[in-house]
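The values are calculated or read from the model by the stated rules, or taken from the named source; none is laboratory data. This one's a predicted model, so the numbers in the text were calculated from it and none came from an experiment. Neighbour counts are summed over all protein chains in view; Cβ atoms, including those assigned to glycine, are modelled from backbone coordinates with ideal geometry. Areas reflect the complete protein model, heavy atoms only, side chains present, ligands, DNA and RNA absent. Shrake-Rupley method; radii C 1.70, N 1.55, O 1.52, S 1.80 Å.
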Amino acid sequence: MKKSLVFLTGFMGSGKSTIGPLLAKEIGYDFIDVDELIEKVDGRKIVDIFRESGEIYFRNLERQILIDTVLKLSKFVIALGGGTITFADNLFLVKKFGILIYLKASPEILLHRIKFKTDRPLLLDPMGNPLPENLLFERIMTLLKMREPYYLQADFLVSTDDRDIEETVAEILKKLEGKIA
């Protein structure tokens, strides 16, 4: 059965928000980033949502937005948050309504890509400060260990290590052939 939603999952820094718009353009779909949608709906940055309202509030809002998205949209490429499919039955929902692609990057590449980011609440210390590089790498490893069993349930996996964006998009296009509406 052909599907009209393509979901991108993977860890922070794996390339979802960069690859998503390019992929969408190539297949004639629109693009949305769930994290940006959450910020728009809530009126706060994700880091502020986590700090002021907590992760449970964030995950509930994320789930509601995901439900609204799969019920109302078609012909979209959707960049999920790094933890979206690990909560509630979001993985089931995504796979039921779309094709799930895991953008995989090695922990070393992820560290390189996200070490200067300050807008990722799970990569900050309890005071909201960036973690030193060694602790940041440990946090990445811990979160990856928890999340990868979910990521690996994707319809297919594409590595984003040491390749340019065009190569990655081309590989995804090849894997999507005949699978999207």
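Of everything listed in (1) in contact with an Asp or Glu (Cβ under 9 Å, 6 or more places away or on another chain); (2) closer than 30 Å to residue 136 by Cα, the single unmet condition for residue 76 is (2).
Residue-wise test of (1) open to solvent by less than 30 Å² (accessible area, probe 1.4 Å); (2) farther than 12 Å from residue 79 by Cβ.
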| residue | (1), (2) |
| --- | --- |
| 8 | yes, no |
| 28 | no, yes |
| 35 | no, no |
| 39 | no, yes |
| 48 | no, yes |
| 52 | no, yes |
| 56 | no, yes |
| 60 | no, yes |
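Evaluate the following for residue 99: is it open to solvent by 30 Å² or more (accessible area, probe 1.4 Å) and within 16 Å of the chain's Cα centre (by Cα)? The answer is no for residue 99.
The residue list 115, 72 contains one member that is open to solvent by 50 Å² or more (accessible area, probe 1.4 Å), at pLDDT below 95 and touching a helix residue (DSSP H, G or I) at 6+ places or on another chain (Cβ under 7 Å), which is 115.
When residues in region 1-27 are screened for being closer than 26 Å to residue 140 by Cα and of a type in the set (Lys, Arg), 1 of them pass.
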